[in-house]
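Structure first, commentary second.
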Amino acid sequence: MTEHQARKLASLTTPVLLIALLTAFVLLIGAFGDRSLGRMAAETLIRVTLVVGFWIFAGNSGVISFGHAAFACVGAYVSAWATLKPAMKSLLLPGLPDWVAQAEWHVLPAAVVAGVVAALVALLAGAAILRLSGIAASIASFAFLAMVNTIWSNWTPVTGGTSSVVGLARYVTPWVGLGWAAFAILVAAIYGASASGLALRATREDEVAASASGIDRYRHRLAAFTVSAFFCGVGGALMGHFIGVINPDGFYLSLTFLMLAMLVVGGIGSLSGAVVGVLVVSIAVEGLVRLEKGVTLGATQFALPAGSQEILIGLAMILVLIFRPAGLLAGRDLILPAAWVAGRAKTPK
Amino acid sequence: MTLQLLFDALSLGGIYAIAALGIALIFGVMKLVNFAHGQFIAFAVFALIVPSTDAVAVMGLGAAPALVLVPALLAVGAGLAVASEYLVFRPLRNASPVALMVASFALGVVIQNVLLVFYGGRPKAISLWPDLGKPVQLLGAEVPMLQIIVICAVLLVLALLALMLKRSRIGLEMRAAAEDFGMARLLGVRANAVIAGAFALSGALAATVALVLVAQTGVADVRMGGQIMLIAFIATVVGGMGSLPGAVAAGFAIGAASVALQAALPIEARPFRDAFLYGLVILVLLLRPQGLFASASAKPRV
């Protein structure tokens with residue numbers, strides 16, 4: 001086995017290790033945690049799906065998108081349209097076309113279609129947005145997010161407007177979340193190792209040199225944008241079926257902020273950074289939410305004011321950017337040493 | 001009717017232009033897209049009232065006479081912006097534009113939630129200068145007094161700013177820094193002074209927008225800066241990142257497009273006006289991705 005082959009094989013251990021880490025997380029909480037921790041585990045795994053999807057674009061291209069919460073919004077509503085009982089839909093969403101109003105799908109094909117529709121929307125929006133250079137594209141993606149939010153909040157007969165759509169089947173357990181998160185991690189790793197992923201990272205490192213080497217920046221960005229929107233769409237559908245209630249404002253700035261915070265804290269440069277960021281921030285959020293509800297320390301009742309969760313996470317994000325700009329994992333991946341993978345006989349130098 | 005539309009377009013476009021200038025100034029000197037600008041505006045709005053989570057707002061600074069109120073509020077805006085620069089953006093001086101942008105987004109969330117803790121989440125009614133809402137006759141059109149004042153104030157601010165940038169030493173240094181920051185420093189431009197100056201100006205412009213918003217809507221809401229910040233961003237992109245005249249021109253153009261859409265769209269499509277507006281902007285950018293007035297430093301040099 002050559003050194004190159006050994007390294008290539010070793011890089012394949014990253015998704016395996018990450019999935020093992022998440023499985024251990026679910027098993028540990030299943031064994032020792034209470035009901036509310038079980039809910040937190042499911043929510044964390046949904047976020048892994050969302051953030052890994054987000055990373056496929058942002059991590060490989062180096063372009064921050066503020067529009068990915070919009071794909072989650074599209075996904076959540078598509079799944080709601082497909083799975084809600086027809087009687088419910090005629091009541092809440094009278095403007096749906098007949099064939100959608102009559103549909104009553106199983107949740108799995110609904111989640112897949114949610115992802116596909118989000119990906120199609122991304123293909124259309126990306127075709128316009130990604131022609132712009134990095135920072136301008138970020139701003140245009142922000143405009144796209146606001147556009148989707150405006151449409152969803154006002155198109156009342158079809159989306160229910162600002163009032164919530166209720167009654168989604170709540171089927172998302174930690175194991176369902178783990179399944180989708182594992183799938184997202186696998187696809188992200190495969191894309192990252194593909195020729196397109198490599199070309200995209202080349203444009204991230206040096207745009208001019210990459211284009212001088214004949215790399216079509218626009219094409220690879222659009223491909224990554226579409227794949228990444230698929231998982232954000234699925235993640236949005238899972239979020240809807242986890243809480244059971246969806247609302248356009250649930251997929252707006254606060255979700256964008258949370259996804260960005262997770263990516264920045266973990267480190268945008270690697271897939272492992274995205275996953276570790278979700279775990280760390282989710283655990284911190286869980287702790288802060290409990291503190292906001294109030295804890296009893298000895299004789300004194302102690303509670304943080306509402307809103308301090310966002311303040312502390314925002315401050316943590318700024319501190320990470322100042323003192324550890326590449327995030328906790330600093331662009332490295334969890335990986336088995338190449339020597340182990342290649343076997344002892346032919347240890348590469 | 002058409003004259004009325006013209007006044008609407010000028011006053012709305014003027015506010016957008018001022019907000020866009022606040023973003024473009026900072027982008028020009030340190031390549032920071034300031035996602036906290038909307039929260040600077042909201043902070044200046046809330047600086048007018050006494051902190052409390054009650055539903056009824058009690059005027060604090062807002063009760064002062066205009067001659068005290070306006071300079072004091074501009075100082076509050078400038079102070080907040082300079083403090084943000086010192087605490088958050090100075091340690092990040094050498095970071096990439098993407099890291100700066102993400103940090104400013106986080107800062108915006110922090111400021112918004114600090115306001116939420118001190119003032120509560122419900123929008124509050126406040127009345128600042130209620131007399132200005134009265135319409136006056138002008139060239140045969142009924143125009144609210146406030147609109148005329150806004151248009152005059154915008155023109156005044158733009159004239160003063162242009163004078164400052166063209167004639168004063170710090171203005172010259174700012175323009176040099178916007179052109180090529182590294183070269184400007186080599187030629188003796190004081191980086192800290194220029195950047196702090198740009199932030200102070202940007203904060204004061206945010207406070208101006210806050211005053212106009214409060215006088216027009218009569219509401220204080222923690223989320224109120226967000227929409228106008230988004231339009232301001234779009235104006236800076238359409239105008240060409242880093243170009244100050246471009247930002248102003250695009251701000252006015254977006255205000256005009258917004259008023260025109262409001263008048264031309266059928267009633268049932270009006271709630272979607274902003275969606276049409278953003279779609280229109282994306283179309284414009286497809287035709288001119290570099291913006292209307294691309295600055296020379298916008299392209300990477302090898």
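The values are calculated or read from the model by the stated rules, or taken from the named source; none is laboratory data. Keep in mind that what you see is a predicted model, and the values were worked out from it rather than measured. Neighbour counts are summed over all protein chains in view; Cβ atoms, including those assigned to glycine, are modelled from backbone coordinates with ideal geometry. For the accessible areas, the whole protein counts, side chains as well, though only heavy atoms, and no ligand, DNA or RNA atoms are used. Shrake-Rupley method; radii C 1.70, N 1.55, O 1.52, S 1.80 Å.
Checked against (1) within 14 Å of chain B (Cβ to nearest Cβ); (2) of a type outside the set (Gly, Ala, Ser); (3) assigned to a helix (DSSP H, G or I), A:Val113 meets all criteria but (1). Of all the listed residues (A:Ala24, A:Ala31, A:Ala70, A:Ala41), the sole one being closer than 24 Å to A:Phe242 by Cα, touching a Cys at 6+ places or on another chain (Cβ under 9 Å) and part of a helix (DSSP H, G or I) is A:Ala70. Of all residues in segment B:212-241, which are more than 12 Å from every other protein chain (Cβ to nearest Cβ) and assigned to a loop (DSSP other than H, G, I, E, B)? If the condition is that a residue be more than 12 Å from every other protein chain (Cβ to nearest Cβ) and assigned to a loop (DSSP other than H, G, I, E, B), then B:Gly218, B:Asp221, B:Met224 are the ones that fit. Taken over segment A:192-232, residues that are out of contact with any Phe, Trp or Tyr (no Cβ under 9 Å at 6 or more places or on another chain), of a type in the set (A, V, I, L, M) and without any contact (Cβ under 8 Å) to a residue 60 or more places away in the chain amount to 9.
What number of residues in segment B:269-285 are open to solvent by 70 Å² or more (accessible area, probe 1.4 Å) and among the hydrophobic types (A, V, I, L, M, F, W, C)? Spell out the reasoning first.
Kept after step one, since they are open to solvent by 70 Å² or more (accessible area, probe 1.4 Å), are these residues of segment B:269-285: B:270, B:276, B:280, B:283.
Checking the rest, the ones that are also among the hydrophobic types (A, V, I, L, M, F, W, C) come to B:276, B:280, B:283.
Total satisfying the criteria: 3.
One line per residue, one yes/no per condition, for (1) touching an Asp or Glu at 6+ places or on another chain (Cβ under 9 Å); (2) part of a loop (DSSP other than H, G, I, E, B); (3) open to solvent by less than 40 Å² (accessible area, probe 1.4 Å):
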{"residue": "A:Ala146", "(1), (2), (3)": "yes, no, yes"}
{"residue": "A:Ala182", "(1), (2), (3)": "no, no, yes"}
{"residue": "A:Val208", "(1), (2), (3)": "no, no, no"}
{"residue": "A:Leu238", "(1), (2), (3)": "no, no, yes"}
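Within the set B:Ala99, B:Ala159, B:Ala196, the sole residue that is within 23 Å of the chain's Cα centre (by Cα) and either charged (D, E, K, R) or more than 26 Å from B:Ala210 (Cβ to Cβ) (or both) turns out to be B:Ala99. When restricted to residues that are in a helix (DSSP H, G or I), open to solvent by 40 Å² or more (accessible area, probe 1.4 Å) and within 14 Å of chain B (Cβ to nearest Cβ), segment A:292-321 contains 6. All conditions in (1) assigned to a helix (DSSP H, G or I); (2) exposed (fewer than 15 other Cβ atoms within 10 Å of the Cβ) hold for B:Val102, with the sole exception of (2).
Annotation note: of A:Ser153, A:Ser141, the sole residue that is touching a residue at least 40 places away in the same chain (Cβ under 8 Å), surrounded by fewer than 23 Cβ atoms within 10 Å (Cβ to Cβ) and within 14 Å of chain B (Cβ to nearest Cβ) is A:Ser153. Among the conditions (1) in contact with an Asp or Glu (Cβ under 9 Å, 6 or more places away or on another chain); (2) away from chain A (no Cβ under 14 Å); (3) in a helix (DSSP H, G or I), B:Val189 misses just one, which is (3).
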